[in-house]
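Encoded as structure tokens, the structure appears first; notes follow it.
The values are calculated or read from the model by the stated rules, or taken from the named source; none is laboratory data. Bear in mind that the values here come from a model prediction, so they are computed numbers and not experimental data. Quick reminder, even Gly has a Cβ in these numbers, built from the backbone with ideal geometry, and neighbours come from all protein chains shown.
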Amino acid sequence: FPPGCSSPSAPGRRAPLPAASGAPRLKRLLEDPGIVKILHFARFDVAAIRHHLGIGMAPIFCTRTASKLVRTYTDRHGLKDNLLEFLDVELDKVTRHSDWSSPRLTPEQVRYAISDVTFLLRLKDRLDDMLDREGRRALAEDEVDPHRLSQVIRRTIGKWVSDTYRRRPMIIPTVLEV
């Protein structure tokens, strides 16, 4: 996804992001090993935050990865599909494709951003139950291993460089504390 774009759903749009030095509290929170960060489709958010802010997130629980491990009866693993099935919540995704590059978000965008993550804790609980029932907890934890995730992020950014600029990507160094 393009530099400055904090969401892969908004290709070509630049989202204003604070400089890494301007977000010390966010850095402290996201890098705290005692707090599990719950994300849906974590590799994009983690890649954007690492690329633009220099923040490495861990530990992570990815609801999309967990969905793929336990909902083998479907190929629909989007947040909207998971929320509808597990929590009977219909998520309106219309605002997703609005202009997120503006310095001021509209009230609809703010509501969307809040609703997009409001249900993640409850969804995680439901997916945790299924992971335990199916005996796939270890797989889920292995999938969000910081080293493995870092490799996926490097490939994701490399593919974007290759596709966008039609050239081979440079090596993107990644430093992890394990």
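Values computed for the structure shown
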{"item": "Unique residue being assigned to a helix (DSSP H, G or I), more than 16 Å from the chain's Cα centre (by Cα) and over 20 Å from Lys37 (Cβ atoms) when the list is Asp132, Asp99, Asp125", "result": "Asp132"}
{"item": "Residue satisfying all of: in the range 84-104; touching a Leu at 6+ places or on another chain (Cβ under 9 Å) and under 16 Å from Thr63 (Cβ atoms); modelled with the lowest pLDDT among these", "result": "Lys93"}
{"item": "Some residue of the range 65-78 being closer than 21 Å to Leu26 by Cβ, surrounded by fewer than 19 Cβ atoms within 10 Å (Cβ to Cβ), at pLDDT 90 or above and out of contact with any helix residue (DSSP H, G or I) (no Cβ under 9 Å at 6 or more places or on another chain)", "result": "no"}
{"item": "Residue within the range 69-77 that is more than 21 Å from Arg133 (Cα to Cα) and either touching a strand residue (DSSP E or B) at 6+ places or on another chain (Cβ under 9 Å) or not polar (S, T, N, Q) (or both) present", "result": "no"}
{"item": "Top-ranked residue in the range 21-37 [being surrounded by fewer than 17 Cβ atoms within 10 Å (Cβ to Cβ) and farther than 15 Å from Leu53 by Cα; ranked as nearest to the chain's Cα centre (by Cα)]", "result": "Val36"}
